[in-house]
Amino acid sequence: MPNTLEATIDISAPPEQVWKVLSDLKRMPEFSPHTVKMVPLGKPKAGTWTVNWNRDGKKFYPTTSRITKFGLDEGFAFRMTENFTTWSFTLEPTATGTRLNQRRDVVDGVSWPVRKMVDALLGGEQAFEANLVRGMNETLGRIKTAVESGR
């Protein structure tokens, strides 16, 4: 698997307004086409665990993660327990608002069982990752719409 998948969007709103929407983890299913539910086990902050219900098309699967960053200045990041990937959102002020970046980093590689599951159930690595990038762009577009419309 590649080390990094990434998507970026510019939003016509200040970082504080973008953070208000992004930091409400209960809204993640509203934005991400791959997230059915994201439940923090306590107040969201670095160290908080989450229990997640995800989907890839008609396939559903549970995951857990631990928040590693959570704040306006540092963004939001979490490390998946099952596949060792780190997902992150960072906010950068621009002249017209905020640049929101979403990344998926694979630092230590993914586990053998996860690789086999991706091959057997999710169409293989290349198709799975292309789907993740489409989902990242969709997620950022939905966040942009929510922030700019004031929802």
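The values are calculated or read from the model by the stated rules, or taken from the named source; none is laboratory data. Because the structure is predicted, anything quoted here is derived from the model rather than measured. Here the Cβ is made from the backbone with ideal geometry for all residues, glycine too, and neighbour counts use every protein chain on show.
Only one of 85, 63, 90 is at pLDDT below 95, surrounded by 14 or more Cβ atoms within 10 Å (Cβ to Cβ) and within 25 Å of residue 9 (Cα to Cα); which?
Values: 63 fails: within 25 Å of residue 9 (Cα to Cα); 90 fails: at pLDDT below 95.
Exactly one of 85, 63, 90 is at pLDDT below 95, surrounded by 14 or more Cβ atoms within 10 Å (Cβ to Cβ) and within 25 Å of residue 9 (Cα to Cα), namely 85.
In region 1-50, which residues are more than 24 Å from residue 133 (Cβ to Cβ) and polar (S, T, N, Q)?
Passing the criteria: 17, 48.
Output yes when any residue across region 127-134 is in a loop (DSSP other than H, G, I, E, B), modelled with pLDDT under 95 and surrounded by 15 or more Cβ atoms within 10 Å (Cβ to Cβ), and no when none is.
Taking region 127-134 and keeping what is in a loop (DSSP other than H, G, I, E, B), we get none.
The answer is no; no qualifying residue exists.
Within region 6-30, restricting attention to residues that are within 12 Å of residue 90 (Cα to Cα) and surrounded by 19 or more Cβ atoms within 10 Å (Cβ to Cβ), which residue is farthest from the chain's Cα centre (by Cα)?
15
Sort out for me the strands (runs of 3 or more DSSP E) sitting completely within region 1-98 that have 3 or more residues that are aromatic (Phe, Trp, Tyr).
The qualifying strands (runs of 3 or more DSSP E) are 59-71.
Considering every residue within region 73-85, establish whether at least one is free of Cβ contacts under 8 Å to residues at least 60 places away in the same chain, under 23 Å from residue 150 (Cβ atoms) and not aromatic (Phe, Trp, Tyr).
There is at least one residue in region 73-85 that is free of Cβ contacts under 8 Å to residues at least 60 places away in the same chain, under 23 Å from residue 150 (Cβ atoms) and not aromatic (Phe, Trp, Tyr).
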